[in-house]
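The values are calculated or read from the model by the stated rules, or taken from the named source; none is laboratory data. The model shown is predicted, which means the values in this text are computed figures rather than measured ones. Cβ atoms come from the backbone with ideal geometry, glycine included; neighbour counts cover every protein chain shown. Keep in mind that these areas ignore ligands, DNA and RNA; they rest on the heavy atoms of the full protein, side chains included. Shrake-Rupley method; radii C 1.70, N 1.55, O 1.52, S 1.80 Å.
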Amino acid sequence: MHAHFIFVMLQLTTYQVECSQQQEEGEFIFRSRYPPVQVPDNVTLPDFVLHNVELYADRLAFVDATTSKGYTYGEVARDIRRFAKALRSLGLRKGRAVLVVLPNVPEYAIVALGIMAAGGVFSGANPAAHSSEIMKQVESADGKLIVSDLPTYHKVKDCGLPVIVLGEERVEGTIHWDELLEAADRASSRTDHLTNQEDEIVQQTDLCALPFSSGTTGLSKGVMLTHRNLVANLCSTLFSVSPEMIGQVTTLGLIPFFHIYGITGICCATIRNKGKVVVMRRYELRAFLNALIAHEVTFAPIVPPIILALVKNPIVDEFELKKLKLRSIMTAAAPLAPEILNEFEKKFPDVQVQEAYGMTEHSCITLSHSDQHIAKRNSVGFILPNLEVKFVDPDTGRSLPKNTPGEICVKSQCVMKGYYKNESETCLTIDKDGWLHTGDIGYIDNDGDIFLVDRIKELIKYKGFQVAPAELEGILLTHPSVEDAAVVGLPDEEAGEIPAAWVVLNSKAKESHEDIINYVASTIAQYKRVRVVQFVDSIPKSPSGKIMRRLIKEKMLEKLKECTK
């Protein structure tokens with residue numbers, strides 16, 4: 001659900017955050033001191049990001065990191081129009097969902113924005129998902145069409161929907177991408193524009209995206225986002241991009257584009273600012289480093305596991321790091337351990353590390369850093385214009401003052417319309433006053449920098465004390481023999497829950513379970529100590545880099561049961 005980032009280097013002036021206390025409600029509500037930014041009315045997301053595109057027609061917009069196949073801005077704008085027209089000719093009606101089951105490819109943004117321009121609703125699915133999971137999303141979204149490619153086609157062929165296939169090869173019984181666009185060119189001019197029927201004109205208040213998120217309760221749900229939601233989010237996140245920054249940023253497109261982080265923050269923000277996206281379909285460390293160097297990437301939104309590899313993996317030393325043009329990275333999806341941040345900064349002293357915070361239900365970005373105000377180390381940034389934030393005691397519902405951890409709640413034009421066909425979950429997430437409850441615990445300090453503590457549902461309650469898994473993982477990662485780690489709470493009769501860890505050791509490690517337990521115990525309070533350690537080969541993580549704690553918990557409990565038999 002979480003995405004932490006921003007996609008351009010912002011040029012900002014001095015900044016302050018004000019805390020206002022509304023006496024009538026006794027509420028502590030925090031806002032950015034920056035003045036509100038205007039969100040244009042009656043403009044769709046495709047039109048908003050393609051603004052002034054004709055001035056950059058010959059500039060490269062998307063390029064494949066491996067094959068160097070690319071699209072200029074002129075081609076991107078042309079193909080969005082062609083695909084939108086083709087979808088209308090196939091009978092796609094306004095408000096209907098099209099599932100996109102693709103890896104990161106240079107055409108991805110064209111596909112997504114073409115669906116939106118036609119009045120359809122883009123719903124990105126993970127191409128690595130099992131066919132039954134994809135089918136579940138098709139059913140949940142009431143999908144009408146699927147866009148896929150040859151390697152993924154076997155997962156979608158039995159969904160019972162027409163399939164558009166990208167790539168060179170034709171697949172019998174499918175609609176071929178190139179042929180579809182060519183047919184759109186030949187179609188009569190009467191379909192050049194949206195029909196004049198009132199119900200088919202695309203409005204800013206119409207849905208344009210239906211990403212799926214686990215929300216705060218763990219089960220995947222369709223998040224209804226309108227054109228207005230995403231335009232408002234881009235206005236807030238890009239509010240102070242100076243004219244000289246337009247066209248200057250080369251961004252790595254590695255975060256999955258089916259994730260809100262990938263489509264809004266990488267694809268849409270880059271098109272709006274006429275930069276270039278270097279598209280990577282999968283992560284492999286050597287390919288990643290090659291792409292950074294060969295394509296002179298200046299900005300790389302990545303997840304903490306990749307930062308961990310850059311710090312700990314000897315493969316990195318095979319590369320001439322002085323050739324890097326990288327100016328900054330943005331971490332996403334999970335808090336970055338302070339210890340790993342220290343090691344990264346030693347190894348890459350010229351690369352600025354920024355952490356930010358956002359979520360699917362808030363159209364992506366919520367808090368971020370900027371060029372001239374870098375928030376304190378390990379802060380996830382400051383409040384963007386047009387946003388209100390408060391920190392709420394999860395038990396009492398009261399809002400809390402500065403420096404007091406509580407659930408982060410947000411109110412703005414970026415808040416989703418709701419979960420698709422799921423009013424009960426919507427009501428649990430957005431309260432009657434319009435506040436979106438994130439399920440994350442954090443606090444704001446005296447300077448307006450916000451710090452993330454942990455997920456409410458991931459906090460371990462040991463004898464009534466709250467223990468944050470992220471803190472223990474950070475300590476474990478400082479051990480020279482530990483390559484990766486994940487901490488979960490296991491049920492315990494006496495304590496309620498106990499902290500337990502899965503640990504990946506490097507090949508030369510000689511440590512025992514007891515050694516690891518003692519190492520953590522030497523640096524923290526007694527109640528935070530890790531009580532159980534299991535050694536494993538790898539830590540399961542989602543495509544966005546989040547630790548799959550529920551799975552780990554199940555596996556740990558299974559193993560403990562076996563040991564007690």
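Distance from the Cα centroid of the stretch 217-264 to that of the stretch 394-448 is 20 Å (rounded to whole angstrom). By the rule of a C-alpha distance below 15 Å, with chain neighbours fewer than 8 residues away ignored, the aspartates and glutamates paired with LYS144 are ASP158. Helix-only arithmetic for the chain: the sum of -39500 (n - 2.57) across DSSP H runs with n ≥ 4, divided by the residue total, places the mean residue ellipticity at 222 nm at -7500 deg cm²/dmol. The GLU493 and ARG186 beta-carbon pair, evaluated with R₀ = 60 Å, returns a calculated FRET efficiency of approximately 0.25.
For the stretch 464-565, what is the percent of antiparallel DSSP beta bridges, rounded to the nearest 5? Present the calculation step by step, with values, prior to reporting the outcome.
On the way: 11 of 15 bridges.
Bridges in the stretch 464-565 are about 75 percent antiparallel.
Note on the chain: dipole from Cβ charges, positive end direction compared against LEU99, MET556, ILE408; the farthest Cα belongs to LEU99.
With the simple spin-label model, which puts each label point 7 Å out from Cα in the Cβ direction, the SER132 to ARG398 separation comes to 4.8 nm. Per atom type, the chain shows carbon and sulfur on 49% of its accessible surface, probed at 1.4 Å. Convex hull volume of the C-alpha atoms in the stretch 391-468, normalised per residue: 115 Å³.
Looking at the square roots a ≥ b ≥ c of the eigenvalues of the Cα gyration tensor of the stretch 39-89, which shape do they give, rounded for a/c under 1.5, prolate if a/b is larger than b/c, or oblate? List each step's numbers first, then the result.
Working: a/c = 2.27, a/b = 1.40, b/c = 1.61.
Verdict is oblate for the stretch 39-89.
Given the chain, what percent of its DSSP beta bridges are antiparallel, to the nearest 5? Write out the running numbers ahead of the final one.
Working: 54 of 89 bridges.
Looking only at bridges with both residues in the chain, the antiparallel portion is about 60 percent.
In terms of the Cα gyration tensor, with a ≥ b ≥ c the square roots of its eigenvalues, is the stretch 461-565 rounded because a/c is under 1.5, prolate because a/b exceeds b/c, or oblate? Note, shape of the stretch 461-565 comes out rounded.
Look at the dipole of the stretch 416-498 built from charges on Cβ: of LEU477, VAL453, TYR419, the Cα furthest out on the positive end belongs to TYR419.
What is the stretch 42-153's relative contact order, in percent, from Cα pairs under 8 angstrom and six or more apart in sequence? Mind dumping the intermediate values first?
Details: 160 pairs, mean separation 29.6, N = 112.
Relative contact order of the stretch 42-153: 26 percent.
Between LYS463 and ILE246, what is the label-to-label distance in nm when each label sits 7 Å out along the Cα-to-Cβ direction? Modelled inter-label distance: 6.2 nm.
Which of the residue pairs LYS85/LYS274; LYS221/LYS463; LYS221/LYS561 have a Cα-Cα distance greater than 28 Å in the structure shown?
Correct reply: LYS221/LYS463; LYS221/LYS561.
Here the relative contact order of the chain, from alpha carbon pairs under 8 Å that lie six or more residues apart, stands at 16 percent. Around the amide H of GLU27, modelled in the peptide plane, lie the amide H atoms of GLN22, all under 5 Å away and 5 or more residues distant in sequence or on another chain. Close amide H partners of CYS208, meaning residues 5 or more places away or on another chain with modelled amide H under 5 Å apart, are LEU225, THR226, HIS227.
Placing unit charges on C-beta atoms (Lys and Arg positive, Asp and Glu negative, everything else neutral), compute the dipole magnitude of the chain about its Cα centre in debye, rounded to 20.
Working: 61 positive and 71 negative charges, 94 e Å.
Approximately 460 debye in magnitude.
Note that the chain presents 43 Å² accessible area per residue, ligands and nucleic acids not counted, probe 1.4 Å. For a 18 Å ceiling on Cα separation, which of these pairs sit above it: LYS94/LYS432; LYS323/LYS347; LYS376/LYS402; LYS528/LYS555; LYS312/LYS346; LYS417/LYS541? Over 18 Å Cα-Cα: LYS94/LYS432; LYS528/LYS555; LYS417/LYS541.
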